[in-house]
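> Once you've had a glance at the structure underneath, I'll fire off some questions.
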Amino acid sequence: MIKGKAFKFGDNISTDHIAPGRLAHLRSDLPRLAEHVLEDADPTFAARVKAGDFVVAGGNFGLGSSREHAPLIIKMAGVSAVLAKSVARIFFRNAINLGLPVLICDTDKIDDGDELEVDLASGTINDKTNGQKLTFSPIPGVMLAILEAGGLMSYIKKYGGFKMGDA
């Protein structure tokens, strides 16, 4: 069970909103880059987010370039998962590979500041603020194992690769 506060964003939050291109010189200093996470969408986000909180967005989250820095600095900022109506495919894949859960669900009923409880295995979201119960498609077993290991590299180090039947 993951518990935290929702930080609500709209549609079409690009990787440039997440990891501003003007800060590309910080790519070799990820902790400093994480201090600027999502600042082009909300300049106060990085200062307010706490470990375990959630990024909640509309559609097409993570569109744009394939930079792995975007999901990585979201994770480094302490975000436990991204909940969105839809996400760019490359962002989704990068996030899972880096150990950041991305949950596709209807986010209209979640408001900024709501306290959420998310169960990755069962595919449920309990909005403790408004009493809503939401669902998302449960994460496939191999993807859940990658997330539980902390990302694809950690999974491979732990298990030595994928076994038949993992999917």
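The values are calculated or read from the model by the stated rules, or taken from the named source; none is laboratory data. Just so it is clear, the structure is predicted and the values come from calculations on it, not from any experiment. Reconstructed Cβ throughout: ideal geometry from the backbone, glycine too, with neighbour counts over all protein chains shown.
> Report, by residue number, each residue of region 52-106 that is in contact with a helix residue (DSSP H, G or I) (Cβ under 6 Å, 6 or more places away or on another chain), more than 17 Å from Ser154 (Cβ to Cβ) and assigned to a loop (DSSP other than H, G, I, E, B).
Gly62, Gly64, Ser65, Ser66, Arg67, Ala77
> Please go through region 1-39 and pick out each residue that is at pLDDT below 95, in contact with an Asp or Glu (Cβ under 8 Å, 6 or more places away or on another chain) and part of a loop (DSSP other than H, G, I, E, B).
Met1, Pro20
> May I pose another question? Test Phe136 against the stated conditions and say whether it is closer than 19 Å to Gly4 by Cβ, out of contact with any Leu (no Cβ under 7 Å at 6 or more places or on another chain), buried (at least 16 other Cβ atoms within 10 Å of the Cβ) and touching a residue at least 40 places away in the same chain (Cβ under 8 Å).
no
> Just name the residue that is surrounded by the most Cβ atoms within 10 Å (Cβ to Cβ) out of those in region 42-61 that are among the aliphatic types (A, V, I, L, M) and within 21 Å of Ile2 (Cβ to Cβ).
Checking each candidate, the answer is Val55.
> So, one more: Of the residues that sit in region 120-131 and are surrounded by 13 or more Cβ atoms within 10 Å (Cβ to Cβ) and modelled with pLDDT under 95, which one is farthest from Ala51 (Cα to Cα)?
Residue satisfying both the conditions and the ranking: Gly123.
> Within region 1-37, which residues are loosely packed, with under 13 Cβ neighbours inside 10 Å and under 16 Å from Gly78 (Cβ atoms)?
Selection gives Pro31 alone.
> Taking the stated definitions as given, is Ser14 among the small types (Gly, Ala, Ser), in contact with a strand residue (DSSP E or B) (Cβ under 7 Å, 6 or more places away or on another chain) and more than 23 Å from Leu147 (Cβ to Cβ)?
Spelling it out, Ser14 is indeed among the small types (Gly, Ala, Ser), in contact with a strand residue (DSSP E or B) (Cβ under 7 Å, 6 or more places away or on another chain) and more than 23 Å from Leu147 (Cβ to Cβ).
> Do we find that Ala95 is at pLDDT 95 or above and under 13 Å from the mean Cα position of the chain (by Cα) in this structure?
In short, yes.
> Any idea how many residues of region 107-119 are surrounded by 12 or more Cβ atoms within 10 Å (Cβ to Cβ) and over 21 Å from Ile74 (Cβ atoms)?
1
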